[in-house]
Protein chains: 2
Amino acid sequence: MNLLRIAQAQINTTVGDFRGNLEKVIQWIGRAESADADLVTFPELALCGYPPEDLLLKRRFLHNNWEALQQLEEHCSGIAVLVGFAHAQDGKVYNAAALLGGSSLLGVYHKIELPNYGVFDEKRYFIPGLGCFVFEMYGTRIAVTICEDIWIPGSVVEMCAMRNHADIVLNISGSPFFAGKLDVRKNIVGRFANATETTVFYNNLVGGQDELIFDGGSMVVNSKGELIASASRFAEDLLVTDIKLDGPPKEREAWNLVDPMVSLSERESPPDRQYVPPTVVPHLNRIAEIYEALVLGTKDYVRKNGFDKVVIGLSGGIDSALTAAIAVAALGEDQVVGVTMPSRFTSGETRSDAELVARNLKVELITVPINDIFQAYLKALEGPFNKGEPGVETENIQARIRGNILMALSNRFCWLVLTTGNKSETAVGYCTLYGDMAGGFAVLKDVTKSDVYELSGYINEKAGRDVIPRSTIDRAPSAELRPDQKDEDSLPPYVILDPILRAYVEEDKVAAEIEGFDPAVVREVARMVDRNEYKRRQAPPGVKITPKAFGKDRRLPITNRYISCAIKE
Amino acid sequence: MNLLRIAQAQINTTVGDFRGNLEKVIQWIGRAESADADLVTFPELALCGYPPEDLLLKRRFLHNNWEALQQLEEHCSGIAVLVGFAHAQDGKVYNAAALLGGSSLLGVYHKIELPNYGVFDEKRYFIPGLGCFVFEMYGTRIAVTICEDIWIPGSVVEMCAMRNHADIVLNISGSPFFAGKLDVRKNIVGRFANATETTVFYNNLVGGQDELIFDGGSMVVNSKGELIASASRFAEDLLVTDIKLDGPPKEREAWNLVDPMVSLSERESPPDRQYVPPTVVPHLNRIAEIYEALVLGTKDYVRKNGFDKVVIGLSGGIDSALTAAIAVAALGEDQVVGVTMPSRFTSGETRSDAELVARNLKVELITVPINDIFQAYLKALEGPFNKGEPGVETENIQARIRGNILMALSNRFCWLVLTTGNKSETAVGYCTLYGDMAGGFAVLKDVTKSDVYELSGYINEKAGRDVIPRSTIDRAPSAELRPDQKDEDSLPPYVILDPILRAYVEEDKVAAEIEGFDPAVVREVARMVDRNEYKRRQAPPGVKITPKAFGKDRRLPITNRYISCAIKE
C-alpha cells in the first residue's frame, strides 16, 4: 500500500535549555525513524522552549536558537523534520518552523498570526511572517502552519493552504490548557481542515512552564472534521499516523503557486510498508483533566526548578489535604513532607485530620506548635498595641508564624514550599500575605473551592478509599485563627461565591451586570476582589486551569478606583 | 496682535476614577478659560486614567468612557477641548482623542501607532486607527496625535501632518518616566516638528500609577526643533502658550485632504489679546529628577490607594534612612512611623543611627526587640533542626520576624508598609522573601545601591544638614543577621556589581558579552539574578526610574535553564 507515515513528537521541553531540548529532539527523531516515519514534527519553539518571554530580547539567546538548528541538521538525514525555533533575520524576530531533510535546512516558515491576548504577548517579540510555506513529499502537498495560524477563520494562512491545493496541513503548537480546551481545539482544527479540504496534523506541546500547562492531546483531523488519531494527554507521546496516498489526486488546474515550494521526495513513492491503524486515546472528564493538569504542573515546576522535595503545611483542612495528595501523585510520597503547626485555636479534630492525611499519604509529618512563639509576639507588641482597635492582626501573626516556620524548613533542607490556597480565597483575599500565601508554588491557585471538593471526591474514588479524610470534606471550612471561626462568617457560601467570581473574574462583568444574586453580595464580592489585587500580585505562581487565571492572564492595576465608581452608579 | 492661545492641562488622573477625572477635567477647562485660551488639551486616556490595563476588557468600563465624554460636552462651550478616552466602536476599541467645542463632540481621532514593548501592552487592548484628524481654528491647521504616533519616523501620522500642511500638531501623551527620558522626548518631539514643519504641543500626564511615574514636562517645540515653552516636572501645571498667526501662511497648493476636517472658528480671527511670553522651567539634574520621581511615586501610591500613614522598619542602615526621608517628603513627618527591631546582632551604632534618623526626620519611632521571639522559634524548631546543615535559615527567621511585626502594625493601624530594598539587592536576591521584602510598596526597588548613596548626599545637601546620618553613609553595608556580617562577604562591591547589573538587566546582554570585569564574577552575578526571579515575582511594586525596571518591564520566566546553558558554552 502507498502510505505516507507522519510522526508527531509531543515532547516536554524546558525554556532556555538548548542542550536538553536539542538532545530530546534528536532522541525523538530516532524514535520516529525506528517507527519508519517519513516525516516527524515537533512543537512550537521546541528548540528554545515555550514561552521564552523576555529571553527573546537577548541577542545571544536568538543566536543560540540558530546554533541549535545547525547542530540538528546532521541528525536529519533519513527523515524529514519540522521543528519550531525563534528566527532572527535582518534585525527582525519570527516565531518560526524549520524544515530539515537530507542533513540540511530546506526552508523556514514564519508564523503569520501572532496572539496578543490572555497569556500571550507574541506581538511584544515577533514580527508576523509574510508568506506561507508548502512542500511536497511523494506528490503530496503539505502546508506548514504554527498554532494561532489556524485559529483565525478566513486568514491569509487559510487562503494559502487553499490556493496551493494542499493535501495536508502541519500545525506545530504550544497551546496552554484550561479545562475543556481540548474540545475547543478539536473544533478549531476541524473547521480549518474542513475549510481547506486538508488533513490537519496538530502537534501540541506537553509539560508545565511556570503557570502554564501544555496538555498534549496532539491530533489528526480529516477534511470532514473527523478526529482520526489522538495522542496522550499530560504525557510525552509519539503519534504515528499513516495516510493512504492511493485516493484520486486533488484537482490542481488552478495551479497558482506564489509561495516558496520545496520538494523532498527523491523517490516517486514511499517505501512499501504495512498500514498501522491510528491510535485514539479515551476522553477525560473535566475533573480528571484538572487533576492531571495539577499533577503535571506541580511535578514540572518542582523538577524543572531543581528541587527534589516539597513541604506543605497540613492544617487538617481540605485544601492542604488535596494539595498534599496532588504532590504525592506528582513526586512520590518520599518527596513530600507535611508540617502541622497547631495553635490554641486548633481543634482536636483538625489536628487528628492532619495526622490522618499524613498517614493516608504515607508522608513524613513534622509537628511544630506555634503557641509559645505567638505569645512572644504578643508580649513584644504589648506596648504598640496599647493603642488602636484590635482587628485581624493577631490572626495574621499566627498565619505568618506558620509561613516563617515553613520557609525556615525550606531554607534549611532545600524543600520547596507548596501553598494551599484555592482560587475562591485568593480572589477575595481570604488569605494572609506572607502567611498561608508564603511559598514557591500555589497548586490550587486557579481551583475554586467547589472544585476542591470535587477533586477530593475524585481522588478518593480513584483510590477506592478515603485518602482525603471524610471529616475534612464534611466539616465547615475554617481558618482556625480565632475561637469558633468559620469561613462563612466572613464570606458568602461557596455555592454563591464561586459563580459570582466566575462572572466577575473570568467573564469580565461588572457588579451591576451579574444577575441572579443579592446585588449587595455581588457588590461586596467585587469590592473584595479589587481591594485584594495587591495580595495576588505578591502570590506565588500556580497552575492555570480556567480560561482566566490570576497571573499574566489578568492584568489589573492595583491603584484602581473603578469599582467604587461603578458601584455608585 | 493676532494670537492663538493654547493651554495644555498637565493633570494627575487616577485609573478607573471616572467621576474624579471628569471633575478635574472640568475644573481645568475652567482654568484654561480664565487664562483666555482658545483651546485646551488633556493627556492620553485622561477620562479613564492611564494605563487602565485589563479594565479595558470590561464592556461596562468602555461604556463609562463614553458616558463621561457625553457629560463633558456641556462644559465645552466657550473653548475647544481635546481629551483622551477609550473609544469602543463597532466591537473594536481605540485609544482615542475627542475634540469638543460649542458644547458638542466635533470629532474623534484614533491612535495609529500602538506601543507593545517595555511596559506597554497596547496591542492587547486597542486596534490602530486608520486615518488622521486635522481641524482648523482661525485659519490655522491643527493635526491631532497621541503619544507613540510621533515617535516613529516616516510613520503614517507624519505623512498625514505633512500632506495636510498642518501648522500645529497636538500630541496628548502618557509617557512614563525614567532618568533622562525628558531629553529623549525633546529629541523625539523636535525631530517630528522639524520633519513636519509644524509647532508641536506635547501634553504629558503627571502622577504615579502603580510602578509608573508620569513626570509631566509638557512642552512646545517649534519647527526648528527649538523648545519654546515647558511645564513643571512632577506636578500638575497649566502651560499656556501664545502662537502668533501673523507670519506668512503655509503654501497649500498641493492641497490634498483625504482626512476628516473640522472647522472650529466661527470668527475669522482670535480675540484681541496681550502676548504672554512662554514659560520655560529649569532643567533638573539626574539625581534631582530621580528624587522627585520617588517622592511623587510614593505619595501617589499611598494616597490613591486610600492610606494616610506609612510604617518603615528603620535598621540604622542607609536604605531605610533614605526610604524614610523620601516618605517624609512625600507625606509629611506626621504620616510616617519608624520601627526599630533590634536583635542580638544589631550593633550599638546602627541602633543609635535608627534613633538618629527618626529624630532628624521628626518621625515617631517604635521599638520592638525581636530576640525573645527569635529564641521561641529556635526552641520550636529544635527537633526538626536536629537534622541537616545550618544555612541561611536562622538569618531569614529574623528578617521574617521583622516582616511579621511590621505587618502586624500595618494590620492594626491601617498603615502601609514601605519596604527598603534597593535594585542591586533585589537583582541578586540579597533580601529575604516575606522578611525585608514584606510590604505594600518598595520605594527604592529600581534604585541601585550606588544611586542610594548619591540620593542620600543630595538630600543632605538640599537640607543643609545630615538628615541621613554621616555614619550610615560611611559604614560598610550589613544585613546584621549574624555576627560581623558585611554585604561584601556575599556580593561583589557595589561599584562592580551595579555596572554588571546594568549590562545584564537593562541592556539584555548575556554573561559572555559583558566585558571589563572578572568573567567568573559576571557569571556568578548573572546566575544570582536568574536564580532569584521567583523572589522578585513576589515583590511589592515600586517606582520605575530606569529604562528597565523589575516588574512588567522585564518578563522573564521563573523556570529558566538558559543561564546554565549559556555559561557552559
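The values are calculated or read from the model by the stated rules, or taken from the named source; none is laboratory data. These numbers come from a predicted model, not from an experiment. Cβ coordinates were reconstructed from backbone atoms using ideal geometry, including for glycine residues, and neighbour counts include every protein chain displayed. Only protein heavy atoms, including side chains, enter the accessible area calculation; ligands, DNA and RNA are left aside. Shrake-Rupley method; radii C 1.70, N 1.55, O 1.52, S 1.80 Å.
The conditions of being within 24 Å of residue B:306 (Cα to Cα) and surrounded by 17 or more Cβ atoms within 10 Å (Cβ to Cβ) are not met by residue A:549. Residue A:46 meets each of the listed conditions (1) closer than 21 Å to residue B:513 by Cβ; (2) part of a loop (DSSP other than H, G, I, E, B); (3) away from every other protein chain (no Cβ under 14 Å) apart from (1). Of everything in the stretch A:411-433 that is within 14 Å of another protein chain (Cβ to nearest Cβ) and among the aromatic types (Phe, Trp, Tyr), the residue that is nearest to residue A:392 (Cα to Cα) is A:415. Sort out which residues of the stretch A:526-538 are within 11 Å of another protein chain (Cβ to nearest Cβ) and open to solvent by 10 Å² or more (accessible area, probe 1.4 Å), and write them in order of number. Of everything in the stretch A:526-538, those that are within 11 Å of another protein chain (Cβ to nearest Cβ) and open to solvent by 10 Å² or more (accessible area, probe 1.4 Å) turn out to be A:530, A:531, A:533, A:534, A:535, A:536, A:537.
If you go through the stretch A:372-393 and pick out every residue that is more than 8 Å from chain B (Cβ to nearest Cβ) and either surrounded by 22 or more Cβ atoms within 10 Å (Cβ to Cβ) or part of a helix (DSSP H, G or I) (or both), you end up with 3. The residues in the stretch A:55-87 that are within 19 Å of residue A:147 (Cα to Cα) and assigned to a strand (DSSP E or B) can be counted, and the count is 7.
Which of the residues spanning the stretch A:408-430 are assigned to a loop (DSSP other than H, G, I, E, B) and open to solvent by 20 Å² or more (accessible area, probe 1.4 Å)? If you could, list the steps in order and put the result at the bottom.
First, the residues of the stretch A:408-430 that are assigned to a loop (DSSP other than H, G, I, E, B): A:414-415, A:420-422, A:429-430.
Listed by number, the residues that qualify are A:414, A:415, A:420, A:430.
What residue, among those in the stretch B:395-410 that are among the small types (Gly, Ala, Ser) and farther than 24 Å from residue B:486 by Cα, is farthest from the other protein chains (Cβ to nearest Cβ)? Within the stretch B:395-410, the match that is farthest from the other protein chains (Cβ to nearest Cβ) is B:410.
Criterion applied to A:508, A:498 was being open to solvent by less than 50 Å² (accessible area, probe 1.4 Å), outside any loop (DSSP other than H, G, I, E, B) and over 25 Å from residue A:394 (Cβ atoms), and the one residue passing it is A:498. In this structure, does residue A:31 turn out to be part of a helix (DSSP H, G or I), within 10 Å of chain B (Cβ to nearest Cβ) and surrounded by fewer than 23 Cβ atoms within 10 Å (Cβ to Cβ)? The answer is no for residue A:31. From the list B:106, B:57, the lone residue that is open to solvent by 30 Å² or more (accessible area, probe 1.4 Å), touching an Asp or Glu at 6+ places or on another chain (Cβ under 6 Å) and touching a residue at least 60 places away in the same chain (Cβ under 8 Å) is B:57.
Being part of a strand (DSSP E or B) and either under 37 Å from the mean Cα position of the chain (by Cα) or buried (at least 23 other Cβ atoms within 10 Å of the Cβ) (or both), is that true of even one residue in the stretch A:399-407? No, that holds for no residue. Among the residues of the stretch B:511-522, those identified as more than 8 Å from every other protein chain (Cβ to nearest Cβ), assigned to a helix (DSSP H, G or I) and surrounded by fewer than 19 Cβ atoms within 10 Å (Cβ to Cβ) are B:519, B:520, B:521. Within the stretch B:3-27, the set of residues being more than 14 Å from chain A (Cβ to nearest Cβ) and open to solvent by less than 10 Å² (accessible area, probe 1.4 Å) comprises B:3, B:4, B:6, B:7, B:8, B:9, B:10, B:11, B:25.
Of the residues screened, residue A:476 is not one that is open to solvent by less than 60 Å² (accessible area, probe 1.4 Å), in contact (Cβ under 8 Å) with a residue 12 or more places away in the chain and in contact with a strand residue (DSSP E or B) (Cβ under 8 Å, 6 or more places away or on another chain). Considering B:62, B:72, the condition of being open to solvent by less than 10 Å² (accessible area, probe 1.4 Å), in contact with a strand residue (DSSP E or B) (Cβ under 8 Å, 6 or more places away or on another chain) and modelled with pLDDT of 95 or more is satisfied by B:72 alone.
Right, residue A:189: open to solvent by less than 10 Å² (accessible area, probe 1.4 Å) and more than 18 Å from residue A:8 (Cα to Cα) or not? In short, no.
Listed conditions (1) more than 21 Å from residue B:431 (Cβ to Cβ); (2) of a type outside the set (Ser, Thr, Tyr); (3) more than 14 Å from chain A (Cβ to nearest Cβ) are all met by residue B:493, apart from (1). Each residue in the stretch A:150-167 was checked for being in contact (Cβ under 8 Å) with a residue 40 or more places away in the chain, among the aliphatic types (A, V, I, L, M) and buried (at least 21 other Cβ atoms within 10 Å of the Cβ), and 2 of them qualify. Do we have any residue at all in the stretch A:479-489 that's in a helix (DSSP H, G or I) and open to solvent by 50 Å² or more (accessible area, probe 1.4 Å)? Yes, that holds for at least one residue. The number of residues in the stretch B:123-141 that are free of Cβ contacts under 8 Å to residues at least 40 places away in the same chain and open to solvent by less than 10 Å² (accessible area, probe 1.4 Å) comes to 1. In the stretch B:522-551, the qualifying residues are those that are at pLDDT below 95 and small (Gly, Ala, Ser), and the one that is nearest to the chain's Cα centre (by Cα) is B:551.
Is it the case that residue A:85 is in contact with a Cys (Cβ under 7 Å, 6 or more places away or on another chain), crowded, with 16+ Cβ neighbours inside 10 Å and aromatic (Phe, Trp, Tyr)? Here the answer is yes, as residue A:85 does meet what is asked.
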